Amino acid sequence: MVTTIQVENEVKQKLFQLKIVFSQKMGRSVSFNEVIEELLALHQEKFFEKDKYQKIRNLANKFDKKLYDEYRHEKLKDLKKEEQNFLKN
């Protein structure tokens, strides 16, 4: 279904500039819909990041807290090792 959305002229110009860039990179004309889809795909994790972590916390609450804490402790140790290896190089 096609619909019309209202945006300010400044936003419209920015979308148009992105449309030109995307068209050049893809080697074909792209629609504003494709531009908006690409922007949403690029930032989807950012938009839903809090929800993602909430789901993890909810899962952790369903399991044994001791098991979760043990897993978290091991992951932190792994991250510290990776950080030390990175800093050595």
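Taken together, the values in this text are just the output of simple stated rules run on the coordinates, not laboratory data. None of these values were measured; they are calculated from a predicted model. Here the Cβ is made from the backbone with ideal geometry for all residues, glycine too, and neighbour counts use every protein chain on show.
Just to be sure I follow: if Rg is taken over the C-alpha atoms of the chain and Rh is the Kirkwood radius over the same atoms, what is Rg/Rh?
Radius of gyration relative to Kirkwood radius: 1.24.
Return the loop-located trypsin sites (Lys or Arg not before Pro) in the stretch 1-36 (DSSP other than H, G, I, E, B) with at most 16 other Cβ atoms within 10 Å of their own Cβ; answer none if there are none.
Numbers: sites: K12, K14, K19, K25, R28; in loops: R28.
Loop-located and lightly packed - R28.
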